[in-house]
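**Student:** Below is a structure I'd like to ask you about.
The values are calculated or read from the model by the stated rules, or taken from the named source; none is laboratory data. Bear in mind the structure is a predicted one, so any value in this text is a computation, not a measurement. In this analysis, Cβ positions are derived from the backbone assuming ideal geometry, glycine residues included, and neighbour counts consider all displayed protein chains. Accessible surface areas use protein heavy atoms only, side chains included; no ligands, DNA or RNA. Shrake-Rupley method; radii C 1.70, N 1.55, O 1.52, S 1.80 Å.
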Amino acid sequence: MDGGPVVRAVHYLNQFFAGLGGEEAAGHEPVRIEGPVGPGRGLEAEGLAIAATIACGDDHFGEHEAESLHRLLEWLDGDEPDVLVCGPSFGSGRYGYACGVLAREAGRRGIAVVAAMHPDSPGVLAAEGSAYIVPTSSNVTDMRKVLPRIAALARTLVSGESVGGPEEAGYLPRSARRNVLADRPGAVRAIDLLLAKLEGDVRTEISPPGDGVDPAPPVPDLASATIALVTEAGCVPQGNPDRLPSRRSHTWLRYSLDGVTTLAPGSYESVHAGFDTSAANEDPNRLVPLDAARELESDGRFGRLHDAFYTTSGVDTPVAVATRFGQEIAEELRRGGVQAVILTGT
């Protein structure tokens with residue numbers, strides 16, 4: 001490495017890369033370790049001085065996000081690093097999400113952040129543009145290639161030099177806008193983009209975030225299919241005993257439908273903060289159509305109704321969090337033999 005000022009970094013890892021254990025340690029609470037661990041040693045070889053490693057189990061972070069984040073940020077504030085490095089998390093969804101959330105909150109504190117993950121990781125959206133994210137492959141075999149790029153980007157950030165654009169500097173677009181002097185007027189560039197689109201070359205100067213989900217194939221035989229009810233309308237038992245948040249939800253809940261034929265007024269309610277819930281609370285079946293589903297079930301229109309419904313409140317919930325909810329609920333439904341879902345929203 002060439003000479004230059006020492007870049008003091010704090011490194012975030014999950015339980016596996018921090019050496020705390022594999023999946024059996026996914027519930028490990030946050031921990032702070034002096035100096036580099038695992039990939040951190042590679043970063044030190046590339047010129048970063050790892051003052052401390054902070055780590056958390058993937059499941060623990062997902063199940064106790066607020067508390068975990070508070071502890072990690074306390075350590076980060078105390079260490080006062082030049083830069084925070086998160087990952088690389090490669091294609092891991094839970095690890096990537098934790099990296100993205102920590103990167104976002106650290107960035108809001110004015111801390112320079114470099115992360116590394118697969119472009120499709122939920123951590124990219126969770127970071128909300130607060131970190132410079134180095135793209136990786138989906139697996140750890142990319143480690144040797146990624147660490148030098150992370151270190152180089154971190155050194156550039158700390159030096160105060162211009163980082164440059166995503167393509168030249170090797171990071172994912174951050175949806176950040178800055179004024180630059182173009183060599184052609186906007187009208188000319190717009191016409192060129194339109195002509196390119198007509199020829200099948202679809203591109204834009206500013207790429208909107210988002211993803212696409214291919215529709216599942218039709219259910220081959222409804223008469224034998226198991227169907228589940230899922231809602232983001234915030235439908236919960238009266239009094240909200242499990243404290244589902246009314247907005248920016250961090251969790252989803254499951255409630256049994258065993259022996260239940262209708263959601264009676266006064267027994268269920270909506271805690272969703274994004275619409276007037278008066279009419280829905282008069283008849284909670286407007287939120288979760290259990291009465292209609294039971295009628296169709298008894299008429300033999302489909303095999304059977306799954307024995308629980310799933311609920312969260314969708315208002316202001318970050319896309320990355322909602323994506324994680326969908327993946328977790330879908331995995332449970334698959335294990336329960338469910339072939340189709342009636343998803344209701346507000």
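**Student:** I'm told residue 214 meets every condition in (1) part of a loop (DSSP other than H, G, I, E, B); (2) open to solvent by less than 60 Å² (accessible area, probe 1.4 Å) except one. Can you identify the failing condition by its number?
**Tutor:** Result: residue 214 passes all but (2).
**Student:** I'm told residue 77 meets every condition in (1) farther than 18 Å from residue 39 by Cα; (2) touching a Leu at 6+ places or on another chain (Cβ under 7 Å) except one. Can you identify the failing condition by its number?
**Tutor:** (2)
**Student:** Test residue 12 against the criterion of being under 21 Å from residue 142 (Cα atoms), part of a helix (DSSP H, G or I) and of a type in the set (Phe, Trp, Tyr), and give yes or no.
**Tutor:** no
To keep it simple, each residue is scored yes or no on (1) at pLDDT below 90; (2) touching a helix residue (DSSP H, G or I) at 6+ places or on another chain (Cβ under 6 Å); (3) assigned to a helix (DSSP H, G or I).
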{"residue": "124", "(1), (2), (3)": "no, no, yes"}
{"residue": "134", "(1), (2), (3)": "no, yes, no"}
{"residue": "150", "(1), (2), (3)": "no, no, yes"}
{"residue": "180", "(1), (2), (3)": "yes, no, no"}
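**Student:** Checking the conditions here, which among 273, 320, 280 is over 22 Å from the mean Cα position of the chain (by Cα), in contact (Cβ under 8 Å) with a residue 12 or more places away in the chain and within 23 Å of residue 249 (Cα to Cα)?
**Tutor:** After applying the criteria, what remains is 280.
**Student:** Out of segment 88-127, which residues are polar (S, T, N, Q) and in contact with a strand residue (DSSP E or B) (Cβ under 7 Å, 6 or more places away or on another chain)?
**Tutor:** Scanning segment 88-127 gives a single hit, 89.
**Student:** Among the numbered criteria (1) assigned to a loop (DSSP other than H, G, I, E, B); (2) more than 19 Å from residue 325 (Cβ to Cβ), which single criterion is violated by residue 223?
**Tutor:** (1)
**Student:** Does residue 308 meet the test of being touching a strand residue (DSSP E or B) at 6+ places or on another chain (Cβ under 8 Å), open to solvent by less than 30 Å² (accessible area, probe 1.4 Å) and either in a helix (DSSP H, G or I) or among the hydrophobic types (A, V, I, L, M, F, W, C) (or both)?
**Tutor:** yes
**Student:** Applying the selection to segment 288-305, what residues are open to solvent by 20 Å² or more (accessible area, probe 1.4 Å) and assigned to a helix (DSSP H, G or I)?
**Tutor:** Matches in segment 288-305: 291, 292, 294, 295, 296, 297, 298.
**Student:** Look at segment 30-49 and say how many of its residues are of a type outside the set (Gly, Ala, Ser) and in contact with a Lys or Arg (Cβ under 8 Å, 6 or more places away or on another chain).
**Tutor:** Residues meeting the conditions: 2.
**Student:** Taking segment 142-183 only, how many residues are exposed (fewer than 10 other Cβ atoms within 10 Å of the Cβ) and not small (Gly, Ala, Ser)?
**Tutor:** So the count comes out to 10.
**Student:** Shifting gears a bit: Considering every residue within segment 332-339, establish whether at least one is among the β-branched types (Val, Ile, Thr), under 25 Å from residue 246 (Cα atoms) and touching a residue at least 24 places away in the same chain (Cβ under 8 Å).
**Tutor:** The answer is no, given that none of the residues of segment 332-339 is among the β-branched types (Val, Ile, Thr), under 25 Å from residue 246 (Cα atoms) and touching a residue at least 24 places away in the same chain (Cβ under 8 Å).
**Student:** For segment 57-121, list the helices (runs of 4 or more DSSP H) that sit wholly inside it and hold at least 2 residues that are free of Cβ contacts under 8 Å to residues at least 24 places away in the same chain and of a type outside the set (Asp, Glu); which are they?
**Tutor:** Fully inside segment 57-121 and qualifying: 65-79.
**Student:** Output the number of residues of segment 234-256 satisfying the condition of being touching a helix residue (DSSP H, G or I) at 6+ places or on another chain (Cβ under 7 Å) and not in a loop (DSSP other than H, G, I, E, B).
**Tutor:** Going through segment 234-256 one residue at a time, the tally reaches 1.
**Student:** With the condition kept exactly as written, say whether any residue in segment 24-38 is surrounded by fewer than 16 Cβ atoms within 10 Å (Cβ to Cβ) and assigned to a strand (DSSP E or B).
**Tutor:** So far as segment 24-38 goes, yes, one or more of its residues are surrounded by fewer than 16 Cβ atoms within 10 Å (Cβ to Cβ) and assigned to a strand (DSSP E or B).
**Student:** Mind listing whichever residues of segment 14-66 are closer than 12 Å to residue 98 by Cβ, of a type in the set (A, V, I, L, M) and touching a helix residue (DSSP H, G or I) at 6+ places or on another chain (Cβ under 7 Å)?
**Tutor:** 26, 54
**Student:** Same structure, new question: Which one of these does residue 47 not meet: (1) open to solvent by 10 Å² or more (accessible area, probe 1.4 Å); (2) at pLDDT below 95; (3) farther than 19 Å from residue 134 by Cα?
**Tutor:** (3)
**Student:** Provide a single number: the residues in segment 311-346 that are touching a helix residue (DSSP H, G or I) at 6+ places or on another chain (Cβ under 9 Å), surrounded by 17 or more Cβ atoms within 10 Å (Cβ to Cβ) and part of a helix (DSSP H, G or I).
**Tutor:** Number of matching residues: 4.
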